[in-house]
Amino acid sequence: MADTPKTLPTDASVPAFLAALEPARRREEALGLAALLETVAGCPPVLWGSSIIGYGIYDYTYASGRTGTWPRLGFSPRKANHVVYLMDGFDGQADLLAGLGKATTGVSCLYIKKLADIDMDVLAEMARRSWAMIATRYPG
């Protein structure tokens, strides 16, 4: 039996989700991230699950044979950090990470406490690189 993914695209309103975020700083920063990533992606956002705002879509297959669908680019405005999902990870992005500012990374997650602590132009370039890499790796 195949595992059913827990995080799937929904029909929920992204603007309503963003408008309900508290506190105000978190909401304003999430609106800024949403605008930046929509500009990079060139497509409207979709709410995945209850808290991930995704742009674009791709299908993947792991070496194990497990398959799935995920946004090409996305973020989640969490309480402790904004989590930006750069699906290709950070290989080839060391030059940009060095100039980004105060953020930490996971495998394909960038954790940002406050947008004021980072260079938004650098983040935009990181998102562009990630979008292009995923589009090359998973065309269609």
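The numbers here are math on the coordinates, done by the rules we state, and not lab data. All values derive from a computational prediction rather than experimental measurement. Neighbour counts are summed over all protein chains in view; Cβ atoms, including those assigned to glycine, are modelled from backbone coordinates with ideal geometry.
For the reader, a short list of remarks on this structure follows.
- With 5 Å bins beginning at zero, the pair-distance distribution over Cα atoms of the chain amounts to 2, 10, 20, 24, 21, 14, 7, 3, 0, 0 %.
- From the alpha carbon centroid of region 71-128 to that of region 20-50 is 14 Å.
- Cα-projected label distance for residue 135 with residue 63, points at 7 Å along beta-carbon direction, nm: 2.9 nm
- Selected from 25, 66, 128 as most flexible by GNM, with the chain as the system and alpha-carbon contacts under 10 Å: 66
- Phi-based couplings in Hz for region 40-56 (Karplus 6.51, -1.76, 1.60; Gly and Pro marked x): 4, 6, x, 8, x, x, 10, 7, 9, x, 9, 8, 10, 9, x, 10, x
- The dipole here belongs to the chain: it is taken about the Cα centre, uses +1 on the Cβ of Lys and Arg and -1 on the Cβ of Asp and Glu, and is about 340 debye.
- Efficiency of FRET from Cβ geometry, residue 102 and residue 38, R₀ 41 Å, rounded to 0.05: 0.95
- Note on the chain: with a GNM built from Cα contacts shorter than 10 Å, the maximum mean-square fluctuation among 91, 119, 59 falls on 91.
- Residue 121-residue 22 pseudo-label distance in nm [points 7 Å out on the Cα-to-Cβ vector]: 3.8 nm
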